[in-house]
Amino acid sequence: MIHELSFRIALAALLGLVAAGGNLLGGYFVVYREWPRRYLQYFLALGAGYMLSVAIVEVIPESVHGEGALIYVLVGFFIVHLFEHTIAPHFHFGEETHTEEMQHGHAQSAIFLGLAIHTFFDGVAIASGFLVSTWLGIVIFVAVFLHKLPEGFTVASVVMARSQSKRNAVRAAGLLGAATLAGVLLTSQLQAQLKYALPLSGGVTLYVAATDLLPEVNKEPNWRMALLVFVGVATMLILKLLFNL
Ligand SMILES: [Zn+2]
Ligand SMILES: [Zn+2]
């Protein structure tokens, strides 16, 4: 039993590293490669449907065993709202093309702080999942991974819009990866706090899927993109039918 738990913790650390690599790669693509924007949108659409399903069908129901857990779901949801959209005056997922907005005061550092808190909770979510079961850990990891490239892409394009520094842009994406890994490692250390970590992650996951990813998908005047959201939902449900009835 002890053995099995340490295996899951090691797996969480490994997949946390893969997720962090996704941030870095997303940043690298926006700076150094002519990344086809369309692919990024596909990740967002698939990620939105899949991630929303994981939050509603898996993470939140698994959280409600704890006392007052739904309050923590609510807190997680609004922590991201506070940092991504209240303290940061201008933030949206995807490429930052509004150079004008980026020149205002602390716009760039506010966005970076918001995203760093969000990515820290991506890591908390992965580790919390693995502390419950391998199944929950893996479905949460996939939800996180699907939006890791767009995340790195977003932060790097924010830095590019402000300063045109390629090195700083990639560094910012790498730092988001580091925040993710920090979330994984801290949660693995503080296992007794799982009763807070899991519902908080549920709220964060719900917020990111429903208010960061989905609106970006809905901006596209393209029915294929809208349909891909359902593919994300179906993928989650099929995985559940196959592996976790
Ligand atoms: Zn913008
Ligand atoms: Zn994220």
**Asked** Tell me, what is the per residue accessible area of the range 193-245 in Å², probe radius 1.4 Å?
**Response** 54 Å²
**Item:** Anchor LYS148: lysines whose Cα lies under 23 Å away (excluding residues fewer than 8 positions away in-chain)
**Value:** LYS166, LYS219, LYS240
**Prompt:** Projected onto the charge dipole of the chain (+1 at Lys/Arg Cβ, -1 at Asp/Glu Cβ, origin at the Cα centre), which of PHE29, SER188, THR235 gives the Cα projection farthest towards the positive end?
**Reply:** PHE29
**Prompt:** Taking the Cα centre of the chain as the origin, how large is its charge dipole in debye, to the nearest 20, when only Lys and Arg (+1) and Asp and Glu (-1) carry charge on their Cβ atoms?
**Reply:** 460 debye
**Message:** Can you give me the % of accessible surface on the range 14-166 that is carbon or sulfur? Probe 1.4 Å, all protein chains present, nothing else counted.
**Reply:** 67 percent
**Complete:** Heavy-atom accessible area per residue of the range 22-143, all protein chains kept, 1.4 Å probe, expressed in Å², is 43 Å²
**Complete:** With +1 at each Lys and Arg Cβ and -1 at each Asp and Glu Cβ, the charge dipole magnitude of the range 1-122 around its Cα centre, to the nearest 20 debye, comes out at 260 debye
**Item:** Cα shape, the range 105-169, gyration tensor, a/c 1.5 rule
**Value:** prolate
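The values are calculated or read from the model by the stated rules, or taken from the named source; none is laboratory data. Note that this is a predicted model, so its numbers are computed, not measured. Virtual Cβ from ideal backbone geometry, glycine too; neighbours counted across all protein chains shown. Note: areas computed on protein heavy atoms with side chains; ligands, DNA, RNA excluded. Shrake-Rupley method; radii C 1.70, N 1.55, O 1.52, S 1.80 Å.
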